[in-house]
1. With assigned by TED's automatic domain parsing to the domain that holds B:A476, surrounded by 24 or more Cβ atoms within 10 Å (Cβ to Cβ) and over 29 Å from B:I8 (Cα atoms) as the only criterion, which of B:I174, B:I256 stands out?
2. Kindly indicate the residue of the range B:212-222 that is free of Cβ contacts under 8 Å to residues at least 60 places away in the same chain and within 14 Å of A:W53 (Cβ to Cβ) and also farthest from the other protein chains (Cβ to nearest Cβ) among those meeting that condition.
3. Among the residues of the range A:54-70, write down those that are within 7 Å of chain B (Cβ to nearest Cβ) and not β-branched (V, I, T).
4. When you look at B:Y71, is it under 24 Å from B:L448 (Cα atoms), buried (at least 24 other Cβ atoms within 10 Å of the Cβ), assigned by TED's automatic domain parsing to the domain that holds B:A297 and of a type outside the set (S, T, N, Q), yes or no?
5. Taking the range B:199-208 as the search range and keeping residues that are in a helix (DSSP H, G or I) and under 13 Å from B:T294 (Cβ atoms), which one is nearest to the other protein chains (Cβ to nearest Cβ)?
6. Pick out the one residue from B:V392, B:V386, B:V381 that is surrounded by 15 or more Cβ atoms within 10 Å (Cβ to Cβ) and modelled with pLDDT of 85 or more.
7. Would you say B:N528 is at pLDDT below 95 and either surrounded by fewer than 15 Cβ atoms within 10 Å (Cβ to Cβ) or polar (S, T, N, Q) (or both)?
8. Suppose the filter is more than 7 Å from every other protein chain (Cβ to nearest Cβ) and part of a loop (DSSP other than H, G, I, E, B); does A:G42 pass it?
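The values are calculated or read from the model by the stated rules, or taken from the named source; none is laboratory data. Given the structure is predicted, the values throughout are model-derived calculations rather than measurements. Every residue, glycine as well, gets a Cβ built from its backbone with ideal geometry; the counts of neighbours run over all protein chains shown.
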Amino acid sequence: MENHNDPSGYWRANVRLILGSLIIWALCSYGFGILLRPLLAGIRIGGTDLGFWFAQQGSIGVFIILIFFYAWRMNKLDKQYGVDEE
Amino acid sequence: MSQFTINIIFVGLSFALYFGIAIWARAGSTSEFYVAGGGVHPVVNGMATAADWMSAASFISMAGLLAAGGYGASTYLMGWTGGYVLLAMLLAPYLRKFGKFTVPDFIGDRFYSKTAAMIAVVCLIIASTTYVIGQMTGAGVAFSRFLEVENTTGLIIAAVVVFFYAVLGGMKGITYTQVAQYVVLMIAYTIPAVFISLELTGNPIPGLGLFSNHIESGVPILTKLDQVVTDLGFTAYTADVPNKLNMVLFTLSLMIGTAGLPHVIIRFFTVPKVADARWTAGWTLVFISLLYFTAPAVGAMARLNLIDTIYPQGVEEPAIDYDQRPDWMRTWEDTGLIKYTDLNNDGRIQMYNDSGLGAAETALASAQTEGGDVAAATTAVETARVAHDLEVDGRFADAGWAGNELDVNADILVLANPEIAQLPPWVIGLIAAGGLAAALSTAAGLLLAISSAISHDLIKRNLNPNISDKGELLVARITMSVAIVVATWLGINPPGFAAQVVALAFGIAGASLFPALMMGIFSKRVNNIGAIAGMLTGLISILVYIFVFKGWFFISGTANFPDTADYWLFGISPLSFGAIGALLNFIVAFIVSYATKAPPLHIQELVESVRSPRGAGGAIDH
């Protein structure tokens, strides 16, 4: 495994995880929900297009998954680097 | 049993429940008062935070905004939820590790500056007070409509209830009351939505019903809605927006504003561990999303139901007679939130997009009677009439329509929903209790944020650092009582600008507090001078941009430019400027910090310790 008790390694891993998560966060809301909506116009869903669904429901679902994924990964990282709370 | 008695029973029962919880959860120490002793389970805390967050705006106004704005109003759905991702990853766990009671606590310590803490206190008080006004007015509407009491009497009852559980119980009492309020408001919101969704689509889950087929016409409900609104001259419900830059910035402003609002952040100080702060954000969003998945369905279906009520034989056929209007319209007309003017004197209610003709006629009439630029008003009427007569291949002109005759305030959609759908009286009683739960739970959270800023950050930190725990608790209770009195007074005499100041709350939280908190955690280099310069830049830029379009200090007539897209900088509305203010804050803070001395070693160590969860312990005093 990576260095134990290496605070900067722990922090770098955290920042990497945040960056990855925020890219998905932005892609689903600002991307699919707003800016890329015309590109998704061909994909029909319940009387409208996929972009509309992302803007009104899909993005919120992705937000929830992202937070739980982040919390789960961070708990593992905490243990891996020995910085978890006893 | 009369509707009034049923409403009284529902509201009375919910209030009795809050009282009971208040007595059970009295606070004995400052730690219990400010952060509920730091021992709240993440799921419970998530539910309480959801009630804290979902205000009168979410419960009462959002579905109306969606009904009126269609796709364009998706901004509120994404903006008011996406901020929790930022909270979970960028702020909450680290601020929990820091382990103090308030937001200015962190800013003051991290930037080793009383000035920085004071700026944070000022931002917090402006943002929270403007927000409280909205809750009190929301509670006032619910009281005057459902309990048939004077607005003032209703607000005083509400204030007494909040006083009882917030002042006695502090965060501990508020947290457990909010759990009960969450359950009440969720049931109240969902039940009418389920009935309406069943009626229109046969699907009992409103969020899925929105994308199902409309039973009556056999086409998807959104397709049907697009058809009828375009037949009435409106933009299609699902139509794309032309100004994407503004939509992106508005959404971003709401997200960072959500993440920066102090009454939301302090909720994360109440859990036992750093890991719990992360889980809390997730659970909060789960509980919020239960309402937010339903809201777009409520908005779309309410719009369809309303059009169906006005045009029972379809939008191509004549509208209903005013004398035949349903009972709910009559009751809401009494509150002034629905207005009818028979412009073409045919006794029917025409509701459609009149290209501004009706509004222009009214302006002309007032210019003629009260004095004003009659010539300009006449030109405006003529321009609007040309547009009106060309609309939908001249159908409106041929039918002899002379302008939109029905004004429906968007705020009544959720409250009137059970009546529009002809649901039994107890559902209406439930809605009354739910609307009050939403307003009161948020008001209590805000009042706590205000009182802790004053008693803890202002008095304990600056004026009397030697104050005892007991003394501070007493001061906290007194400041909260004063805050309740002020909020009630502002609710009874709402400033004319109540609707506009919400932009201010989000703008200040997003442009000033959010960047300062984030830089305090993610940079070791940003120092006291940089943070102060950044926060002031964010604060001043957002204030100036809002005041320039909405009037200086919201005094009408002092605006420098009309508040329309033609005058906005790059088409960015004052509501969307929070994101730009935050960007300026970041830039200025970094430039100034790198031009001045790095923070002292013990501050860099503080940042190091905030980043690592180990050794969090409970929220502690200085």
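1. Numbers: B:I174 fails: over 29 Å from B:I8 (Cα atoms).
That would be B:I256, the only listed residue that is assigned by TED's automatic domain parsing to the domain that holds B:A476, surrounded by 24 or more Cβ atoms within 10 Å (Cβ to Cβ) and over 29 Å from B:I8 (Cα atoms).
2. Step by step, filter the range B:212-222, then rank; the result is B:S212.
3. Kept after step one, since they are within 7 Å of chain B (Cβ to nearest Cβ), are these residues of the range A:54-70: A:55-57, A:59-60, A:63-64, A:66-68, A:70.
Scanning the range A:54-70 gives A:A55, A:Q56, A:Q57, A:S59, A:F63, A:L66, A:F68, A:Y70.
4. Working: under 24 Å from B:L448 (Cα atoms): no; buried (at least 24 other Cβ atoms within 10 Å of the Cβ): yes; assigned by TED's automatic domain parsing to the domain that holds B:A297: yes; of a type outside the set (S, T, N, Q): yes.
So B:Y71 does not fit the description; no.
5. Kept after step one, since they are in a helix (DSSP H, G or I), are these residues of the range B:199-208: B:199-201, B:206-208.
Add one more test, that the residue is under 13 Å from B:T294 (Cβ atoms), and what stays is B:206-208.
Numbers: B:P206: 11, B:G207: 6, B:L208: 9 Å.
That would be B:G207.
6. B:V381
7. Values: at pLDDT below 95: yes; either surrounded by fewer than 15 Cβ atoms within 10 Å (Cβ to Cβ) or polar (S, T, N, Q) (or both): yes.
The answer is yes for B:N528.
8. Details: more than 7 Å from every other protein chain (Cβ to nearest Cβ): yes; part of a loop (DSSP other than H, G, I, E, B): yes.
Answer is yes for this residue.
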